[in-house]
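Everything below concerns the one structure shown next.
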Amino acid sequence: EVAALVIDNGSGMCKAGFAGDDAPRAVFPSIVGRPRHHGIMIGMGQKD
């Protein structure tokens, strides 16, 4: 028996699983990247 793999690449979450299952087997954020500006808020939250 061969099961079809279903991938839903949504705008916020990516879901993957097999056709016929009740729920996806894997759910993870579809946002991948890094911050545009590095080091702007260095030292915030630290007390003297």
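If each of Lys15 and Val32 carries a label point 7 Å out from its Cα toward its Cβ, how far apart are those two points in nm?
Result: 2.0 nm between the two label points.
Near the amide H of Val6, under 5 Å away, which other amide H atoms are found, from residues 5 or more places off or on another chain, if H is placed in the peptide plane?
Gly17, Phe18, Ala19
FYI, it's all coordinate maths here, none of it is from the lab. Treat the numbers as computed from the prediction; the structure is a model and nothing was measured. Please note: Cβ atoms are built from the backbone with ideal geometry, for glycine as well, and neighbour counts cover all protein chains shown.
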